[in-house]
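Q: Dropping the structure in here first, questions after.
The values are calculated or read from the model by the stated rules, or taken from the named source; none is laboratory data. Just so it is clear, the model here is predicted, and its values are computed rather than measured. So basically every Cβ, Gly included, is an ideal-geometry build from the backbone, and we count neighbours across all protein chains shown. The area values use the complete protein model at the heavy-atom level, side chains included, leaving out ligands, DNA and RNA. Shrake-Rupley method; radii C 1.70, N 1.55, O 1.52, S 1.80 Å.
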Amino acid sequence: MSVVILLSMDNTNGSRGEVPYGTLDLMVLKTLDSMGPLHGYGIARRIEQVSQGGLALNQGTIYPALLRLEQHGWITSDWGISENKRRARFYSISAAGRRQLAAETENWSRAVAMVSRLLEGQS
Amino acid sequence: MIRLRVALARLRGFLARRKGELRIQEEIESHLAMLASEFQRRGLSPREARLAARREFGGAAQIREEWRRVRGLPWIETLARDVAYALRQLRRNPAFAAAAILTLALGIGANTAIYQVLYAVVFRPLPVTEPGRLVQVELAQNGQPQHFSYPLFRELEARQNALDGMFAVSEFPLRQATLRGRGLAKAVHGALVTGDYFRVLGVTARLGRVFTKQDDRTSAPLAVISDRFWEAEFERSPAVLGQTLEINRVVATIIGVAPRGFFGETLGQTPDVWMPMSLQPRLMPADYLNAPYFTWLAVIGRLRPDVPVRRAQAALDALYQRNANLSVRTAGPPTRLQLRPASRGIDELRHFADPLYVLMAIAGLVLLIASSNLANLLLSRAAARTHEIGVRLAVGAGRGRLLRQLLTESFVLSAIGAALALWFARWGSRMLVVLARQQIALEPGWGAVAFTAAVAIGVTCLFGIAPALAATRVDLHTALRAGRRGGYPPGRGGRRQFLRKSLVVVQVSVSLLLVFSAGLLVRTLSNLRRQNFGFQPDRILQVGLPLEISAWRHNAALADPLREKISALPGVRVTALSAFGPMADFQQTGFFAAPGRPAQESDAARMVHVSPGYFHIMARIVAGRGFTAEDRQGATPVAVLSQTAARKLFSQDDPVGKFVSYSKQFERRQQLLVAGVAHDVHFAPRDPYGFIVYVPLAQNPAPVTEIEVRAAGDPAAIAAIVRSAIQSAAPNLRIGEIRTLSDAIDAGLIQERMMAWLSAAFGALALLLTFVGVYGVIGYAVERRIPEIGIRLALGARRGQISSLILKDVSLSLGVSLLVGGAASVAAGRALKNLLFGIGSVDGTLAGAALSIAAVSLAAAYLPARRGARLDPTEALREE
């Protein structure tokens, strides 16, 4: 998943972190995996809630990421009706997406563990 | 897998662009609506909620742009936009576009045309199955390859198992075969092949069938014809199968048509018909099939996949050494059998490769001149577009983006030019083959397209990159101030002028090289034509009689009646018959010895059979006598020596009255009395004066291959009556060409003439391009200096001073070019040495070429210089 994430455009506020490189896709996959089919707005909301405002995510940046994931065959999408009766596109994770999510989660935990060990060892 | 899937998804996205636009539009709107209602729910007014939603969402335009970048194939879309823009630019400047495209089309087309021929001559593998496994089986003595005798071949073929089959082939018996029964008797080009020929090559018939070993064994009179012959003689009628061809009086049944493009195993030959080897005794007067002393066959085999070439060669050589008695054994070092790669077949065109390489180099250099002209044109355009480029830079276009745009324009030019070039090359290559009178089967293929594309890309880089870099290296301030009209920014101008001058130096020096080479090749042709041949080419008419081996005896009986009949014609002074004489298609070589002086390999002796009267037409007698009717069968055998032969055999002594013999060592039993000495003649334009021994036709029967006629007036005027006289005397005789010896000489100089004409044409083109190039650069320089010239004139400079100021600049570039080009020319003269003839010193040619280049360049510079000098100072100053 070597993808460049569009960084926030109003990231003048030091307290909100940038989206770490390559993690938006992972977050989207995880969200769809745990929440079931969602539209773009729902995904963005969910990620914001989980990060508790710690991410400088422009909600729009979710769409190029969704398209990219769809091109990889990890998610699928179809038109549906949203809770406030608007036509919206709903995304759901595919079997390939679940496998990818598992692999990436594994990678991520390994990397985090390694960095933590390194930092603890240094201090 | 994933990559492929993503690429396909992108392709789908690219194709469904409009649908994608609608989708992202709707998604964004619905997202904004949901966000806005969320904010409204938190208590904002509808208007505030909409604004807040937009803030939270981020820049919708940027998101959409990024989304598009992911969705489709952005580089194609950019490219399409660039190409469309480039086409608009070209349409706005049709004169420039036409000039550039035509230059490129001609320049690249010439290169592709020559490449196509060169590829067919030098690189193309035979159009057969797995040509890489074909090997030529050679007998080599001291590195000199020898042919096979049929008994030796038969024995090797029957006993070997190192190769996956082998075949023998010879075109010698049928190279000038006669086809009768289909209109007038005419020439047909055939090849005799052994039964495994088509199987070893892996070629099957496109119609009917090919020979098998069984056909060869039973001596069945069969023929397989070429696709070309099928078309020419039978208009591709499928009813051709079963029809018969009478070739050299053998009636053969057509059993098949070879595939289109198949020309046999020998490069430079395109047989019309293949016949089984076992027919040889019926096609020729002598039986070669049981004669170990006739070595006349080329042999090709196919390597087995499991036997490496080295092992196959060792096995075959061992087999050969056990059967060497089945071939002529000559004295000297032992003969070894060797295998040579033959994926390209047997090469009879090697001599044609060198001239083609030279032409390729010349065409490449012309293209170099053409591209520097284009570079100059583009530089001028860049200057004119300074304002436009400045504006685009100012509004935020990156330099890289602009570079890409400008290069796209160059590539569009090249692409159109290259497409036209392919079309030019199609008939160009055919014309080249016709000009060279070569038998080469050309086939347009992807190779030519790839070559054209590669050349086009290379050329575009040559002429496009430097001007594009120069064009985008503008100073914004001056560029914008220069105004819409375009201007000449003073700051960076110096660098561009240097680039332009370097381009001119390249052009002028390469032109010098080309004009000089053309001069050498033209002089070579003229030297070859104007040398002293030893006879008067423009007074003598020569009738060629194609060597009809099957009709030897028949021809000999015709000799006297023919001579009488022609001699009686009005306007004819003397007539003679000859066999294997100068300026004709055939020659007979051998060894001649005098007592105490054995024959030597270096003599290159040739025997010419002549009738009485010959020495009044061709080589005149300088000592002793020529032949008369008295020198007949049963009288003392006599000979006449050429001056060269006399000198070599008898050095200073008078040879008349002495003896020579047709053998390596002098043999009394075969001696000939030397009756006279004849003036030296050239056997062919490029031959030195030859070692020739003339013998009377009456004492040494041979097929008459030429009739020489000395006319009282213009020999060409009596050609028609000579032809009808021969036809009435011998209705069944096939008459070849009737032409003056001047024409025969010219026919022998086809390659030289082709080189002279083409190099002269390319040289002229180079001069023209150089004129245009110099004119353009100086014109531009003068225009740039208009204000300066105005000031000079206002301060009292005379007009002569102004033009010499401009010309001085040119002279410097010209001087440098002549030095560089002169050095290159000297090197080229050395490289061309093998193609040249009779050129002692190249100084005169070099001086002439340099003078013509200097004259052309100065003329091209003078026109703008004069315009500069004639400027009105007030007008000029107003420009500022």
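Q: Taking only the stretch B:175-207 into account, find how many residues are open to solvent by less than 10 Å² (accessible area, probe 1.4 Å) and within 18 Å of B:Gln243 (Cα to Cα).
A: Final tally of qualifying residues: 4.
Q: So, one more: When you check B:Ile416 against the structure, is it in contact (Cβ under 8 Å) with a residue 60 or more places away in the chain, among the β-branched types (Val, Ile, Thr), farther than 30 Å from B:Ile76 by Cβ and surrounded by 15 or more Cβ atoms within 10 Å (Cβ to Cβ), yes or no?
A: no
Q: Where the second residue is hydrophobic (A, V, I, L, M, F, W, C) and modelled with pLDDT under 85 and the first is farther than 12 Å from B:Arg180 by Cα and assigned to a loop (DSSP other than H, G, I, E, B) and lies in the stretch B:721-734, which pairs have Cβ atoms under 6 Å and are six or more apart or on separate chains?
A: Close Cβ pairs (under 6 Å, with a partner that is hydrophobic (A, V, I, L, M, F, W, C) and modelled with pLDDT under 85) amount to B:Ala730/B:Leu558.
Q: Looking at the stretch B:584-591, can you tell me whether even one residue there is of a type in the set (A, V, I, L, M) and more than 25 Å from B:Leu558 (Cβ to Cβ)?
A: Checked against the condition, which is being of a type in the set (A, V, I, L, M) and more than 25 Å from B:Leu558 (Cβ to Cβ), the stretch B:584-591 yields no hits at all.
Q: Write out, first by first residue and then by second, each pair whose Cβ atoms fall under 6 Å of each other, whose residues are 6+ apart or on separate chains, and whose first residue, in the stretch B:12-41, is within 8 Å of chain A (Cβ to nearest Cβ) while the second is of a type in the set (A, V, I, L, M, F, W, C) and not in a helix (DSSP H, G or I).
A: B:Ser30/A:Ala88
Q: What tally of residues in the stretch B:583-597 results from selecting those that are open to solvent by 50 Å² or more (accessible area, probe 1.4 Å) and part of a strand (DSSP E or B)?
A: Of the residues in that region, 1 qualify.
Each row is one residue, and each column tells you yes or no for (1) out of contact with any Phe, Trp or Tyr (no Cβ under 8 Å at 6 or more places or on another chain); (2) farther than 20 Å from B:Gly143 by Cα.
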residue	(1), (2)
B:Leu279	yes, yes
B:Met284	yes, yes
B:Asn290	no, yes
B:Leu337	no, no
B:Asp354	yes, yes
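Q: Then there's this: So for the stretch A:78-86 (the condition being under 14 Å from the mean Cα position of the chain (by Cα), more than 9 Å from every other protein chain (Cβ to nearest Cβ) and either touching a residue at least 24 places away in the same chain (Cβ under 8 Å) or open to solvent by 50 Å² or more (accessible area, probe 1.4 Å) (or both)), does at least one residue qualify?
A: No, there is no match, as no residue in the stretch A:78-86 is under 14 Å from the mean Cα position of the chain (by Cα), more than 9 Å from every other protein chain (Cβ to nearest Cβ) and either touching a residue at least 24 places away in the same chain (Cβ under 8 Å) or open to solvent by 50 Å² or more (accessible area, probe 1.4 Å) (or both).
Q: Look at the stretch B:648-661 and say how many of its residues are part of a strand (DSSP E or B) and of a type in the set (A, V, I, L, M).
A: Selection size over the stretch B:648-661: 1.
Q: Got a sec? Which of B:Ala53, B:Ala49 is part of a helix (DSSP H, G or I), of a type outside the set (S, T, N, Q) and within 16 Å of B:Gln25 (Cα to Cα)?
A: B:Ala53
Q: Something else about it: I'm trying to understand the selection: among the residues of the stretch B:57-72, which are part of a helix (DSSP H, G or I) and either touching a Phe, Trp or Tyr at 6+ places or on another chain (Cβ under 7 Å) or facing chain A (nearest Cβ under 7 Å) (or both)?
A: Result: B:Phe57, B:Ala60, B:Ile63, B:Glu66, B:Trp67, B:Val70, B:Arg71.
Q: Tell me the residue from B:Pro281, B:Pro292 that is more than 25 Å from B:Phe263 (Cα to Cα) and either assigned to a helix (DSSP H, G or I) or not polar (S, T, N, Q) (or both), please.
A: Step by step, each of B:Pro281, B:Pro292 is checked, and only B:Pro292 is more than 25 Å from B:Phe263 (Cα to Cα) and either assigned to a helix (DSSP H, G or I) or not polar (S, T, N, Q) (or both).
Q: Which one of the conditions (1) surrounded by fewer than 20 Cβ atoms within 10 Å (Cβ to Cβ); (2) in contact with a helix residue (DSSP H, G or I) (Cβ under 7 Å, 6 or more places away or on another chain); (3) in contact (Cβ under 8 Å) with a residue 12 or more places away in the chain; (4) assigned to a helix (DSSP H, G or I) does B:Leu442 fail to meet, given that it meets all the rest?
A: Result: B:Leu442 fails condition (4) only.
Q: Determine which member of the set B:Ala100, B:Ala140 is in contact (Cβ under 8 Å) with a residue 24 or more places away in the chain, surrounded by fewer than 18 Cβ atoms within 10 Å (Cβ to Cβ) and away from chain A (no Cβ under 14 Å).
A: Just one listed residue meets the conditions, B:Ala140.
Q: Just checking: which of the helices (runs of 4 or more DSSP H) contained wholly in the stretch A:18-98 hold 3 or more residues that are among the hydroxyl-bearing types (Ser, Thr, Tyr)?
A: Here the list reads A:23-35.
Matching residues to (1) open to solvent by 60 Å² or more (accessible area, probe 1.4 Å); (2) within 24 Å of B:Arg753 (Cα to Cα):
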position	(1), (2)
B:Arg792	yes, no
B:Gln801	yes, no
B:Leu805	no, no
B:Leu819	yes, no
B:Ile839	no, yes
B:Gly848	no, yes
B:Leu863	yes, no
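Residue by residue, here is whether (1) under 13 Å from B:Ser578 (Cβ atoms); (2) not in a strand (DSSP E or B) holds:
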| position | (1), (2) |
| --- | --- |
| B:Ser663 | no, yes |
| B:Phe666 | no, yes |
| B:Arg669 | no, yes |
| B:Val674 | no, no |
| B:Val677 | no, no |
| B:Asp680 | no, yes |
| B:Pro685 | no, yes |
| B:Val695 | yes, no |
| B:Asn700 | yes, yes |
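Q: B:Ala286 is checked against (1) of a type in the set (A, V, I, L, M, F, W, C); (2) in a loop (DSSP other than H, G, I, E, B); (3) surrounded by 18 or more Cβ atoms within 10 Å (Cβ to Cβ) and fails just one. What number does that condition carry?
A: (3)
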